[in-house]
Amino acid sequence: STPNEFSKFDDARLGENTGYDNTALGHFITTDKDFSKRFIDIDNTGKTGRTMELQAKIQKPITHPYMAGKKYDEKELDKIVEDYFIATNNQDGLESLRELAEEDGSSLYDTYMDLTFGGDSPFEYSADDRKALLDNGYDAVEIVEGPKSDLVDGSNDDSIVSSYAVLNGDNLVPVRHIPVQQ
């Protein structure tokens, strides 16, 4: 969903609408229309936006570690952290994280989350991450958002909602425009 009118997903405009660090990663999409509606007026101007039905060409996605524990189990989480750090060419960061985890006797994921909540935004380097991911053949990043009940007013559905940051706007094709009722 978007409050803006456009006919092409322009990578040069990533992050322009909201100012959130993670929006520099890509063009965000989700299969959950209720969650999507939260972004109809993300620029807070009061404009009534629209929801777009899209076809997305995603062949090699990767999961961002932040909040992944809401969807994935403990066995998968350390691999998610490792894969993301390697995919973004951050081997030094991964080594430092491994050392800290070993010192604390914690998992990589728990150490990552402790550092994230105690420090910088996990998306502070999204533009750099996007470039590295594209260079390494990735085309989307899954961002685990959390339980639908926490994200959608009036929902009692506790299923986990994810969005995908599609790294290349050319991989998104509008199918048709769906008017959104406010």
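Output the residues belonging to the range 104-135 that are touching a residue at least 40 places away in the same chain (Cβ under 8 Å) and touching a Ser or Thr at 6+ places or on another chain (Cβ under 8 Å). Hits for the range 104-135 are Pro122, Ser126, Asp128, Asp129, Ala132, Leu133. Filtered by the rule that a residue be touching a Leu at 6+ places or on another chain (Cβ under 7 Å) and hydroxyl-bearing (Ser, Thr, Tyr), the range 124-172 gives Ser126, Tyr138.
Read-outs: derived from the displayed coordinates by stated rules, not from any lab. Treat the numbers as computed from the prediction; the structure is a model and nothing was measured. Note that each Cβ is placed from the backbone with ideal geometry, even for glycine, and that neighbours are counted across all protein chains shown.
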